[in-house]
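Q: Here it is, the structure in full.
The values are calculated or read from the model by the stated rules, or taken from the named source; none is laboratory data. On a predicted model such as this, the values are computed, not experimentally measured, just so you know. Every residue, glycine among them, receives a Cβ derived from its backbone with ideal geometry; neighbour counts consider all protein chains shown.
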């Protein structure tokens, strides 16, 4: 089967982003291991530049533009982390960026995106189509639209997460039994699972979504790309995509990935656990896979499991709410 | 000059704690680099078992006890992180532990220490001498008192932090210009500076203390061990020791370490920055070196600086207070 991207694309992306992106480590915490009765390796992409994996794909995509394209600038539409990734990559590469963001995007993500020097255009997430808005913004400028996931360079860039995990596990002489990857449009999941399954063919893979955004879970069952219900809501603002892409979905399906969902309460609880016990700041969408583990969505006993903590751009007020009312022991 | 511990002791400790302690990574964050105009490497000991470096020394010390000593149990006196380190090491080694803790120790640290199966005895930090209380608790039991820092095995265990930093920097082909280490009684600082100065002799070293607990800073100037003023207070509960030890201080003095201090407000600000920008949960005492960097206590421009984020056991309520009233951009 031929997919939209290959391992060569991911390896090429790894070279392209070297020095620009952070080579994040692979963490293991005794407390989490004890809690699930197995070994868990965490890829902390909250340590990535802009606080989320999105920088990888954005930098890989933007750095491939020709001089004429670079001069015309780029436009992206995003709820926040892709916005920041594109804005930061554009800033580093000297490209003008316009970012179309939902007007209810986290203030922190809006502020950071502007902080990276991008022009921000707001739209109504629930009543306007963001791609249409983006096209209107592009107008006749000739700017390049940088899609958030359904793009070969973006997918290959996110796939470097999987490549690095595989390299680090191989150094330890370990083969994971399973990996759980947070999933919105499937950019991270498709690229990362491709790299992980290349290194560890018998490993099982799970795409983790918010309960009301279970389109990929349903799509993987039905075999066709399904959409989320109109009006769906979740606190996991990083994972609120209407459907997987026609480039990302065939990879997930072809690799035999299964879907899992977590509730908002479970995601928030995982944010709290990450902060208090693991000492890691995660955003709710970034902690979805951790939430799936903590709530027994997969068997972890005696197994080696990989999760990607995909982002840490949580509103300070929300982080304060999450951790503020804990009183129990966090013995680890 | 002959110090209380040698590099052989630290190398031996590294073997002793291998597999029991977490081999923490060395992190670098573009945002922090940009903020200080140089390269900063962070050793995140908040990822260590029990959330602080203290587990290293405690495990090294307790695992060296003979069978008779092990059967008689151990006693430790600590404001929190040493308590947790000894309790956890004792639990893993099947040794009974009694921990004498100040009655105003953070609830989280009290709860965790009990969670690791230790018996906790409370005392009044400001009106009772903790070593006297510990001796009363020991009584005729024959239990071994495990001091928090002035002990060769404890110091060598903490020194593995420096050994790991040196190994990781050497792998990167880098020589640090300076290192800043949080300092209470000097267990971490003496062991870690010994290992770092062994690998990088011309590197400068700074022990960082809370303003009102500047005894080591004064001691390094006067050449004799000075004490903190009675009634001194700080939010950095991990660093509230009355004076350096007669085993730790000669090492700091002999290596030419200098002292620096930070205010409580600066430490709390560093906790906030660590959480919001670096995505790391630190306790105030664990963030003292970061605070010193952020407030220009040393020249960082064009330099390579190492800091140890020595602990992350902050009360959830305090973390919520620290991060809850932030609204500015954290562009990174």
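Q: Out of A:125, A:130, A:114, which single residue is touching a strand residue (DSSP E or B) at 6+ places or on another chain (Cβ under 7 Å), surrounded by 15 or more Cβ atoms within 10 Å (Cβ to Cβ) and within 14 Å of chain B (Cβ to nearest Cβ)? If you could, list the steps in order and put the result at the bottom.
A: Working: A:125 fails: within 14 Å of chain B (Cβ to nearest Cβ); A:130 fails: within 14 Å of chain B (Cβ to nearest Cβ).
Answer to the selection: A:114.
Q: Another one. Give me the residue from region B:73-86 that is at pLDDT 95 or above and farther than 28 Å from residue B:279 by Cβ and, out of that set, surrounded by the most Cβ atoms within 10 Å (Cβ to Cβ).
A: B:86
Q: Write out, first by first residue and then by second, each pair whose Cβ atoms fall under 6 Å of each other, whose residues are 6+ apart or on separate chains, and whose first residue, in region B:195-206, is surrounded by fewer than 17 Cβ atoms within 10 Å (Cβ to Cβ) while the second is part of a helix (DSSP H, G or I).
A: Close Cβ pairs satisfying both conditions: B:198/B:7.
Q: In region A:1-17, which residues are in contact with a helix residue (DSSP H, G or I) (Cβ under 6 Å, 6 or more places away or on another chain) and at pLDDT 95 or above?
A: In the first step, residues of region A:1-17 are kept if they are in contact with a helix residue (DSSP H, G or I) (Cβ under 6 Å, 6 or more places away or on another chain); the result is A:1, A:3-5, A:7, A:9-10, A:13-14, A:16-17.
Passing the criteria: A:3, A:4, A:5, A:7, A:9, A:10, A:13, A:14, A:16, A:17.
Q: Taking the options B:325, B:295, name whichever one is at pLDDT below 95 and over 23 Å from residue B:101 (Cβ atoms).
A: Numbers: B:295 fails: at pLDDT below 95.
Answer to the selection: B:325.
Q: Evaluate region B:41-58: report whether one residue or more is assigned by TED's automatic domain parsing to the domain that holds residue B:294, surrounded by fewer than 24 Cβ atoms within 10 Å (Cβ to Cβ) and either under 25 Å from residue B:242 (Cα atoms) or over 14 Å from the mean Cα position of the chain (by Cα) (or both).
A: Yes: one or more hits.
Q: Within 12 Å of chain B (Cβ to nearest Cβ), part of a loop (DSSP other than H, G, I, E, B), touching a helix residue (DSSP H, G or I) at 6+ places or on another chain (Cβ under 8 Å) and under 19 Å from residue A:24 (Cα atoms): does that describe residue A:274?
A: no
Q: Within region B:227-241, is there a residue that is surrounded by 19 or more Cβ atoms within 10 Å (Cβ to Cβ) and free of Cβ contacts under 8 Å to residues at least 24 places away in the same chain?
A: yes
Q: Considering every residue within region A:5-16, establish whether at least one is facing chain B (nearest Cβ under 9 Å) and in contact (Cβ under 8 Å) with a residue 60 or more places away in the chain. Spell out how you get there, then give the answer.
A: First pass over region A:5-16, keeping only residues facing chain B (nearest Cβ under 9 Å): none.
Checking region A:5-16: not a single residue is facing chain B (nearest Cβ under 9 Å) and in contact (Cβ under 8 Å) with a residue 60 or more places away in the chain.
Q: Could you tell me whether any residue of region B:58-70 is over 26 Å from residue A:46 (Cα atoms) and within 14 Å of chain A (Cβ to nearest Cβ)?
A: Kept after step one, since they are over 26 Å from residue A:46 (Cα atoms), are these residues of region B:58-70: B:58-70.
Among the residues that remain, those that are also within 14 Å of chain A (Cβ to nearest Cβ) are: B:59.
Yes, some residue in region B:58-70 is over 26 Å from residue A:46 (Cα atoms) and within 14 Å of chain A (Cβ to nearest Cβ).
Q: How many residues does region A:95-111 hold that are away from every other protein chain (no Cβ under 14 Å) and under 23 Å from residue A:70 (Cα atoms)?
A: Matching residues across region A:95-111 total 5.
Q: Right, something else. Return only the number of the condition from (1) closer than 25 Å to residue B:219 by Cβ; (2) assigned by TED's automatic domain parsing to the domain that holds residue B:305 that residue B:168 does not satisfy.
A: Status for residue B:168: all satisfied but (1).
Q: As an exercise: evaluate residue A:169 against (1) more than 20 Å from the chain's Cα centre (by Cα); (2) surrounded by fewer than 19 Cβ atoms within 10 Å (Cβ to Cβ); (3) modelled with pLDDT of 95 or more and give the number of the one condition it does not meet.
A: (2)
Matching residues to (1) under 30 Å from residue A:113 (Cα atoms); (2) in a loop (DSSP other than H, G, I, E, B); (3) not assigned by TED's automatic domain parsing to the domain that holds residue A:185:
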| site | (1), (2), (3) |
| --- | --- |
| A:256 | no, yes, no |
| A:259 | no, no, no |
| A:270 | yes, no, no |
| A:287 | yes, no, no |
| A:301 | no, yes, no |
| A:307 | yes, no, no |
| A:314 | yes, yes, no |
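Q: I'd like the full set of residues that are in contact (Cβ under 8 Å) with a residue 40 or more places away in the chain and over 23 Å from residue A:11 (Cα atoms), limited to region A:54-80.
A: Narrowing region A:54-80 to residues in contact (Cβ under 8 Å) with a residue 40 or more places away in the chain: A:54, A:56-65, A:69, A:72-80.
Across region A:54-80, the qualifying residues are A:69, A:72, A:73, A:74, A:75, A:76, A:77, A:78, A:79, A:80.
Q: Residues of region B:71-94 being within 14 Å of chain A (Cβ to nearest Cβ) and closer than 12 Å to residue B:146 by Cβ, which ones? Talk me through it step by step, then tell me what you get.
A: Taking region B:71-94 first, the residues within 14 Å of chain A (Cβ to nearest Cβ) are B:80-81, B:83-92.
Matches in region B:71-94: B:83, B:85, B:86, B:87, B:89, B:90.
Q: It is to be established whether one or more residues within region B:295-312 are more than 9 Å from chain A (Cβ to nearest Cβ), on the phi < 0 side of the Ramachandran plot, without any contact (Cβ under 8 Å) to a residue 60 or more places away in the chain and touching a helix residue (DSSP H, G or I) at 6+ places or on another chain (Cβ under 7 Å).
A: So far as region B:295-312 goes, yes, one or more of its residues are more than 9 Å from chain A (Cβ to nearest Cβ), on the phi < 0 side of the Ramachandran plot, without any contact (Cβ under 8 Å) to a residue 60 or more places away in the chain and touching a helix residue (DSSP H, G or I) at 6+ places or on another chain (Cβ under 7 Å).
Q: Let me ask something else about it. Mind telling me which of the residues A:247, A:293 ends up being crowded, with 19+ Cβ neighbours inside 10 Å, within 19 Å of the chain's Cα centre (by Cα), more than 30 Å from residue B:43 (Cα to Cα) and assigned by TED's automatic domain parsing to the domain that holds residue A:27?
A: Numbers: A:293 fails: more than 30 Å from residue B:43 (Cα to Cα).
Only one candidate qualifies: A:247.
Q: Keeping to region B:18-44, report how many residues are more than 11 Å from chain A (Cβ to nearest Cβ), in contact with a helix residue (DSSP H, G or I) (Cβ under 7 Å, 6 or more places away or on another chain) and part of a loop (DSSP other than H, G, I, E, B).
A: 0
Q: In the set A:288, A:282, which member is more than 9 Å from every other protein chain (Cβ to nearest Cβ) and modelled with pLDDT of 95 or more? Before you say what the answer is, go through the steps one by one.
A: Numbers: A:282 fails: more than 9 Å from every other protein chain (Cβ to nearest Cβ).
A:288 is the lone residue from the list that is more than 9 Å from every other protein chain (Cβ to nearest Cβ) and modelled with pLDDT of 95 or more.
Q: When you scan region A:128-151, do you find a residue that is at positive phi and in contact (Cβ under 8 Å) with a residue 40 or more places away in the chain, even just one? I'd like the intermediate steps shown before the answer.
A: Just the residues of region A:128-151 that are at positive phi, to begin with: A:139, A:142.
When the remaining residues are screened for being in contact (Cβ under 8 Å) with a residue 40 or more places away in the chain, the result is A:142.
Scanning region A:128-151, I find at least one residue that is at positive phi and in contact (Cβ under 8 Å) with a residue 40 or more places away in the chain, so the answer is yes.
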